[in-house]
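Notes to accompany the following structure.
Bear in mind these aren't lab numbers, they're just calculated from the coordinates by the rules spelled out. Quick caveat: nothing in here was measured; it's all calculated off a predicted structure. Cβ placement follows ideal geometry from the backbone for every residue including glycine, while neighbour counts extend to all protein chains displayed.
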Amino acid sequence: MASFKEILRNSEEELLQLLYKFNKSEISDKDKAEDIAAQLKLREAQLICAIGFNENVKEIPEIPIILGFESLDVLFNSRNEYFTTDIYKLLTLDNILSIYSAVKSDVQNKQIMEYLLKNRLITIEKRIEETVNSLIIDKYKAEMKAIYSDEIVSIDFVENRLDQSDSGFRALLNEVTLIVESKIIPVGDIFFRDSILPQEKRKLLDKGLIPSNLIEMRLGDPNITDVEKKILYDYKKMHRES
């Protein structure tokens, strides 16, 4: 049986060969995707997302019909609904990470992904606020790390996240460090922003991500807060003595 990852990466020919084996006219349209998924030992959501995020599906007009959808747009709407609303139940964390890995080299899907991500993260963060579920939090952290390491998002997305300085999620994720490590925005740009909290800058320092010349330049700014100034001086002192 084909796995989620295999279907996500299948060529046009492989997708057709796979699905034609399960093309049954006697099954109603609303049950086709579920029936095919069951035979592949997948959930319906997994099948629809694996096919829907496969960059080759756009070239195969027969695929939506085989799955019981009127058109490719209807298939994509179903894919988007699953992706933005499911929280590691119908789609596993590994499924989500596989999607990001595939999408990062697919220009068209990458553009769509950024829009979907905004809604997906709203869903996940709302659930975390409601339940403080440690399992969801751990998976959320792994997902966000992949979003940045795979460079799924644009500078606009990152700037929007950085604007949320009072967000507990930014601190929970150590998100500023993820952004610097991904090199989406230069470290100097991040380090000199007053909107980046002193505690966040301390984490950048602790990971050795800030060159000493930038620390000196930042200390030369008379407008930095006393808290940030102490963090920078303490860091310099500790590394001078070590």
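Restricting segment 1-76 to GluC sites (Glu not before Pro) that sit in a DSSP loop and have at most 10 other Cβ atoms within 10 Å of their own Cβ leaves 26, 70. Report, to the nearest 10°, how far helix 134-149 tilts away from the longest principal axis of the Cα atoms in the chain, using its own Cα long axis and a range of 0 to 90°. Helix 134-149 and the main axis of the chain meet at about 80 degrees.
Listed options for log10 I(q)/I(0) by the Debye sum over Cα atoms at q = 0.10, 0.15, 0.17 Å⁻¹ are (1) -0.58, -1.00, -1.18; (2) -0.64, -1.06, -1.23; (3) -0.52, -1.12, -1.35. The value calculated from this structure is the one marked (1).
Seen against the Cα atoms of the chain and their longest principal axis, helix 226-241 is set at about 80 degrees.
Once both labels are positioned 7 Å from their Cα atoms along Cα-to-Cβ, the gap between residue 172 and residue 9 label points is 3.2 nm. Charging the Cβ of each Asp and Glu at -1 and of each Lys and Arg at +1, and nothing else, the dipole of segment 67-121 about its Cα centre rounds to 200 debye.
Computed from Cα positions, the angle between helix 72-85 and the longest principal axis of the chain comes to roughly 50 degrees.
What the Cβ-Cβ distance of residue 236 and residue 106 gives, at R0 = 30 Å and to the nearest 0.05, is a FRET efficiency of 0.10. Roughly what would the spin-label model give for residue 23 and residue 94, points 7 Å off Cα along C-beta, in nm? According to this spin-label approximation, the distance is 3.1 nm. Think of each Lys and Arg Cβ as +1 and each Asp and Glu Cβ as -1; about the Cα centre, that makes the dipole of segment 24-86 roughly 180 debye.
Using only helices, what value at 222 nm comes out for the chain when you add -39,500 (n - 2.57) per DSSP H run of length 4 or more and divide by the total residues, to the nearest 500 deg cm²/dmol? After summing the helix terms and dividing by residue count, I get -20500 deg cm²/dmol. Using a Förster distance of 30 angstrom, determine the FRET efficiency expected from the C-beta separation of residue 127 and residue 154, and round it to 0.05. That gives a FRET efficiency of 0.75. Basic side chains Lys and Arg get +1 at the Cβ, acidic Asp and Glu get -1 at the Cβ, and with that the dipole of the chain about its Cα centre reaches some 920 debye.
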